[in-house]
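The next block holds one structure in the form of structure tokens; read it before the comments.
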Amino acid sequence: MRKYLPFLVVFIFLSGLLIQPVEAQPLEARRGGNPVGGECAPGSGYGFKRWSKEDLNLSKEQEKKLQSLELNFEKEITKLSSEIRIKQLELRELWSADTPDESKINTKIEEIGKLQTEIEKKRTSHLLEVKKVLTEEQWLKLRSKPGFCGKMPAGPEPRKKQH
């Protein structure tokens, strides 16, 4: 048993990292948040649905285009999130074997990582498509809204100097 203790510790740690971001949530709870978890869980849009069309002064055409983008994005992300969840369950099964196979476990972890990378790429593409629909003024207004996660790919905002 002591022989497998390090593997068990690693498994518990990785399970926490891998499962936390993709736990099932109601659709409305997943909208408009941070791509790395928390308020902005995977499967969420980048926040434009959190504000009415009046907030951004959207035209009917813009609103229709954004709704279409969001629907397609949600379909893609939901499918990938489901695939990740299945792979996580398979990983759990591999760990529950009497003699866990490190090679199989590592392969499964890599499969999960590839799917997570695909989600992030789709999020980036989605955000850039949303930006194309908006005017510069609308884009800046959207980015300034609390909870908007489109800032994430660009990195953190610079800190203000405290005197």
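Laboratory data are not the source of any read-out in this text; all were calculated from the coordinates shown. Just so we're clear, the structure is a prediction, and the values are computed from it rather than from any experiment. Reconstructed Cβ throughout: ideal geometry from the backbone, glycine too, with neighbour counts over all protein chains shown.
A Förster distance of 45 Å, applied to the separation of the beta-carbon atoms of L89 and K132, puts the FRET efficiency at 0.75. Compared with the direct C-alpha span, the chain from K60 to N72 gains 2.5 nm at full extension, assuming 0.36 nm per residue.
Semi-axis lengths, largest first, of the ellipsoid equivalent to the range 62-145 are 38, 12, 9 Å, with √(5λ) applied to each eigenvalue of the Cα gyration tensor.
What is the order of K121, K131, fewest Cβ neighbours within 10 Å to most?
So the ranking, lowest neighbour count to highest, is K121, K131.
Put a dot 7 Å past the Cα of E111, heading toward its Cβ, do the same for K141, and the two dots end up 4.7 nm apart.
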